[in-house]
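Working notes, beginning with the structure itself.
The values are calculated or read from the model by the stated rules, or taken from the named source; none is laboratory data. This one's a predicted model, so the numbers in the text were calculated from it and none came from an experiment. A quick note on method: Cβ atoms are made from the backbone with ideal geometry, for glycine too, and the neighbour counts reach across all protein chains shown. In case anyone asks, the SASA skips ligands and DNA or RNA and just uses the protein heavy atoms, side chains included. Shrake-Rupley method; radii C 1.70, N 1.55, O 1.52, S 1.80 Å.
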2 protein chains.
Amino acid sequence: MPVSTLTDPTLKDAHYLVDTGFEHGEMLTIVGKCEVDYDGRASSHLAPGERLVILKPDGTLLVHRNKQRKPVNWQPPGSTHSARLDDNRLIVESVRSSPHEELEITFQTVVQVSRLEVDDVSDLELEGSEEDLRQRILADPDILETGFNAMATERETSAGPIDIYGQDADGTPIAVELKRRRVGPDAVSQLNRYVEALERNRPSKSVRGILVAPSVTERAKQLLTSEGLEFVSLTPEQEDISQPIGFSEDADK
Amino acid sequence: MPVSTLTDPTLKDAHYLVDTGFEHGEMLTIVGKCEVDYDGRASSHLAPGERLVILKPDGTLLVHRNKQRKPVNWQPPGSTHSARLDDNRLIVESVRSSPHEELEITFQTVVQVSRLEVDDVSDLELEGSEEDLRQRILADPDILETGFNAMATERETSAGPIDIYGQDADGTPIAVELKRRRVGPDAVSQLNRYVEALERNRPSKSVRGILVAPSVTERAKQLLTSEGLEFVSLTPEQEDISQPIGFSEDADK
DNA sequence: ATCTCCATATCGTTG
DNA sequence: CAACGATGTGGAGAT
């Protein structure tokens, strides 16, 4: 994984390294004092300060400050980067089309610029998502409600797809909406839209709606009640219900 | 803006630079081959590959690949970082409390590590947000509807705060929900919650609900109709309606 | 600390 | 391409 780094370079040398990085499709980092202008879905200006700029070969651009998780400015993947020298400044420009967005970074000084040839093909393995919660219910529908019969996932309605569609022990249709974390009123409204869409299709038959999440906020609880919807508490992770082995020696006697 | 950089360092030297960076509250970047394990709100594993790791003095940690705008793994501000050598590996660990989250990065090799002393106090000036849309309407309520009287912003209801609360020319209450971009069914449900909350408070009086956004999706349009809500098309940006000066010389004659 | 909602949200998936 | 919904959403403001 070769890396080419310049420390306290002239802007001309920095410009050269950046351009060769573009040509070779490499990741670039630039550290220096710069100002940033953005115009697109919104528009912004950031007065001069020291920042870390990252340019990725897929067209991503990030401007990071010394605080916060999110970049202060950015361009999404697919953008086109370029660099030029102008009036004793190094200017990095990034343009995106559809929607049209422009970002311009003007460096007064560059203290470090690096070309990074990055090899990374591994996939992230993530557990604890909404999909895991769905699998948990499909593997054992009774944890939702005794006698629950899961009949379809992502069942289409005029209001959008239902996470799990099924019936209770009496054959009453149920729409199930899954959330991996504590939910507010928005999730209740979402479930309500699906239930009402199902009811419009079969005006004669009542439809139950069950929200599945670890917990709900108080306002969401009120809304569930007023809309006649139900709540079941479940987390994406399996609870560890295994018993410690050889724990109750005395009790066995 | 001093910067200390090591290229292709031993893990021992990399460890030393990282530790001194922690002590001085500086931003750190580490480039190298690593694997990443996360456990907290969810859990994940990322097999070895070459990545750029950023550690900020506020406790933020970012792991960036050569693609995508979002980091593949991260820790939010407020986390506590540490580094250690173990079994010919450099291990960077980050812990957050409330909720408890751990992230561990195991470096097989480090090709570059940098300490960056970053000075940045400027504020971002952003235009085109929902707040600008609100200002636009408050400055000239007639652009929403002739005779509209804006009476409050963020007015509290049992369903949450209404962006703009007012009355039409007839004195009928109106709840206005603002969105800076094209909206789907979620925004319609949100507005509907506010309107129903207002109607519960004054069962005798009808309440109008107006969604203000650049445009709506087809499904949102259907939902607006079925819920008896209205839509007004507006963008956060002022339209430039000024006439070119001296354009119609001939027409003047 | 929790709750609520905005965001240049980003991202994957589907039609 | 638009649309729809998940996200370890992040972040701000209010309570």
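Structure values in brief
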item	result
Hey, A:VAL111 within 30 Å of A:THR5 (Cβ to Cβ), in the same structural domain as A:ASP13 (by TED's automatic domain parsing) and not charged (D, E, K, R) or not	yes
Some residue of region A:1-21 being assigned by TED's automatic domain parsing to the domain that holds A:HIS100, over 19 Å from B:LEU52 (Cα atoms) and in contact with a helix residue (DSSP H, G or I) (Cβ under 8 Å, 6 or more places away or on another chain)	yes
Whichever residue in region B:69-87 is under 19 Å from B:ASP19 (Cα atoms) and within 16 Å of DNA strand C (Cβ to nearest atom) and, among such residues, is surrounded by the most Cβ atoms within 10 Å (Cβ to Cβ)	B:GLN75
Residue that is most open to solvent (accessible area, probe 1.4 Å) [pool: residues in region B:88-125 that are away from chain A (no Cβ under 13 Å) and out of contact with any strand residue (DSSP E or B) (no Cβ under 7 Å at 6 or more places or on another chain)]	B:ASN88
Condition met for A:ARG136 (over 28 Å from the mean Cα position of the chain (by Cα) and at pLDDT 95 or above)	no
Residue count, region A:197-217 (criterion: within 13 Å of chain B (Cβ to nearest Cβ) and within 12 Å of DNA strand D (Cβ to nearest atom))	3
Boolean, B:GLU50 is more than 7 Å from chain A (Cβ to nearest Cβ) and either at pLDDT 95 or above or open to solvent by 40 Å² or more (accessible area, probe 1.4 Å) (or both)	no
Region A:205-235: number of residues that are at pLDDT 95 or above, in a loop (DSSP other than H, G, I, E, B) and farther than 22 Å from B:TYR194 by Cα	5
Test: residue in region A:37-47 that is open to solvent by less than 60 Å² (accessible area, probe 1.4 Å), more than 7 Å from chain B (Cβ to nearest Cβ), among the hydrophobic types (A, V, I, L, M, F, W, C) and in contact with a strand residue (DSSP E or B) (Cβ under 6 Å, 6 or more places away or on another chain)	no
Residue in region A:128-139 that is away from DNA strand D (no atom under 11 Å from the Cβ) and buried (at least 16 other Cβ atoms within 10 Å of the Cβ) present	yes
Lone qualifier among B:GLY32, B:GLY25 - being closer than 24 Å to B:PRO76 by Cβ and without any contact (Cβ under 8 Å) to a residue 40 or more places away in the chain	B:GLY25
Residue ID - nearest to DNA strand C (Cβ to nearest atom), chosen from residues in region A:187-212 that are charged (D, E, K, R) and surrounded by fewer than 15 Cβ atoms within 10 Å (Cβ to Cβ)	A:ARG200
Pair list, Cβ < 6 Å and 6+ apart or interchain, from region A:203-226 residues that are touching a residue at least 24 places away in the same chain (Cβ under 8 Å) to residues that are small (Gly, Ala, Ser)	A:GLY209/A:ALA175; A:THR217/A:GLY184; A:ALA220/A:GLY184
Breaking point among (1) away from DNA strand C (no atom under 12 Å from the Cβ); (2) without any contact (Cβ under 8 Å) to a residue 40 or more places away in the chain, for B:GLU101	(2)
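The rows are residues; the columns are (1) farther than 23 Å from A:GLY160 by Cα; (2) touching a residue at least 40 places away in the same chain (Cβ under 8 Å); (3) surrounded by fewer than 22 Cβ atoms within 10 Å (Cβ to Cβ).
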residue: B:GLY160; (1), (2), (3): yes, no, yes
residue: B:GLY171; (1), (2), (3): yes, no, yes
residue: B:ARG181; (1), (2), (3): no, no, yes
residue: B:PHE231; (1), (2), (3): no, no, yes
residue: B:LEU234; (1), (2), (3): yes, yes, yes
